[in-house]
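The values are calculated or read from the model by the stated rules, or taken from the named source; none is laboratory data. The model shown is predicted, which means the values in this text are computed figures rather than measured ones. Cβ placement follows ideal geometry from the backbone for every residue including glycine, while neighbour counts extend to all protein chains displayed.
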Amino acid sequence: MKRGFTLLEVLLAAVILGFGLTTILVSMSQSQKMMISSTYLETAQEVMDLGDMAYPLSDVQDPDKDLDVPETKATELWEKIAGDVRLTRAQEEKFHGYTWEREALNRKANDEELKRLGNLYTVLVTVRWGDRRRGEGEEESYVTFWRKSE
């Protein structure tokens with residue numbers, strides 16, 4: 001009686017091992033993508049915080065002038081907040097390509113509509129990053145509210 005594995009048993013073991021290794025490699029690839037994505041989102045959150053500090057809603061007096069803020073680079077937000085304190089090289093690289101923007105969604109509503117809403121403005125804050133010209137741009141937004149004092 002011969003001892004050992006037949007060719008069929010070896011092939012079956014190789015297929016099972018191949019499926020296992022493929023599954024592990026795919027999950028590692030997905031994990032790496034998630035880590036990179038979370039890094040971008042973490043930086044986007046920091047840029048949102050910078051924008052909120054540079055242009056706080058509590059300072060808005062006139063919604064027609066102060067509520068909307070055009071797209072601003074993250075490095076410019078830092079300069080507005082920190083003044084003479086410069087970004088480090090690592091921070092400059094981290095914030096490169098990130099922009100912040102604030103827009104009142106219902107600013108152009110008539111006065112009657114705004115009064116019906118209790119002078120409540122819907123404000124959209126957006127952070128963008130990536131190469132938009134090549135179609136690789138991404139953005140993250142949130143909506144908040146601001147009430148005009150009477």
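With respect to being among the basic types (Lys, Arg) and within 25 Å of Lys148 (Cα to Cα), Lys65 fits the description. Looking only at segment 2-40, residues that are within 19 Å of Glu138 (Cα to Cα) and of a type in the set (Val, Ile, Thr) come to 2 in all.
If I filter segment 37-54 down to residues being among the hydroxyl-bearing types (Ser, Thr, Tyr) and in contact with a strand residue (DSSP E or B) (Cβ under 8 Å, 6 or more places away or on another chain), which single residue comes out as modelled with the lowest pLDDT?
Kept after step one, since they are among the hydroxyl-bearing types (Ser, Thr, Tyr), are these residues of segment 37-54: 37-40, 43.
Those still in the list that are in contact with a strand residue (DSSP E or B) (Cβ under 8 Å, 6 or more places away or on another chain) too: 40, 43.
Values: Tyr40: 90, Thr43: 93.
Looking at residues that are among the hydroxyl-bearing types (Ser, Thr, Tyr) and in contact with a strand residue (DSSP E or B) (Cβ under 8 Å, 6 or more places away or on another chain), I get Tyr40.
When segment 109-122 is filtered for residues that are polar (S, T, N, Q) and either closer than 14 Å to Met48 by Cα or in a strand (DSSP E or B) (or both), only Thr122 remains.
Mind checking whether some residue in segment 25-32 is in a helix (DSSP H, G or I) and over 41 Å from the mean Cα position of the chain (by Cα)? Steps first, answer last, please.
Residues of segment 25-32 that are in a helix (DSSP H, G or I), as a first pass: 25-32.
Those left that are additionally over 41 Å from the mean Cα position of the chain (by Cα): none.
Scanning segment 25-32, I find no residue that is in a helix (DSSP H, G or I) and over 41 Å from the mean Cα position of the chain (by Cα), so the answer is no.
Once segment 112-146 is narrowed to residues that are farther than 21 Å from Glu46 by Cα and either at pLDDT 85 or above or among the polar types (S, T, N, Q) (or both), the residue that is nearest to the chain's Cα centre (by Cα) is Thr122.
Is it fair to say Glu140 is of a type in the set (Asp, Glu), in contact (Cβ under 8 Å) with a residue 40 or more places away in the chain and out of contact with any Gly (no Cβ under 8 Å at 6 or more places or on another chain)? Yes: the conditions hold for Glu140. Among the numbered conditions (1) in contact with a helix residue (DSSP H, G or I) (Cβ under 8 Å, 6 or more places away or on another chain); (2) among the aliphatic types (A, V, I, L, M); (3) at pLDDT below 80, the only one that Ala109 does not meet is (1).
Okay, residues lined up against (1) among the hydrophobic types (A, V, I, L, M, F, W, C); (2) in a helix (DSSP H, G or I):
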position	(1), (2)
Lys80	no, yes
Arg86	no, no
Glu93	no, yes
Glu103	no, no
Arg107	no, no
Leu124	yes, no
Arg134	no, no
Glu139	no, no
Val143	yes, no
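Out of Thr72, Thr43, Thr39, I need the residue that is within 17 Å of the chain's Cα centre (by Cα), without any contact (Cβ under 8 Å) to a residue 40 or more places away in the chain and surrounded by 13 or more Cβ atoms within 10 Å (Cβ to Cβ). Which one?
Thr72 is the lone residue from the list that is within 17 Å of the chain's Cα centre (by Cα), without any contact (Cβ under 8 Å) to a residue 40 or more places away in the chain and surrounded by 13 or more Cβ atoms within 10 Å (Cβ to Cβ).
Acidic (Asp, Glu) and over 14 Å from Gln45 (Cα atoms): does that describe Glu103?
Values: acidic (Asp, Glu): yes; over 14 Å from Gln45 (Cα atoms): yes.
Judged against the criteria, Glu103 is a match.
Return a yes/no flag: does segment 81-102 have any residue that is closer than 17 Å to Arg147 by Cβ and either surrounded by 15 or more Cβ atoms within 10 Å (Cβ to Cβ) or touching a Ser or Thr at 6+ places or on another chain (Cβ under 6 Å) (or both). The answer is yes, given that some residue of segment 81-102 is closer than 17 Å to Arg147 by Cβ and either surrounded by 15 or more Cβ atoms within 10 Å (Cβ to Cβ) or touching a Ser or Thr at 6+ places or on another chain (Cβ under 6 Å) (or both).
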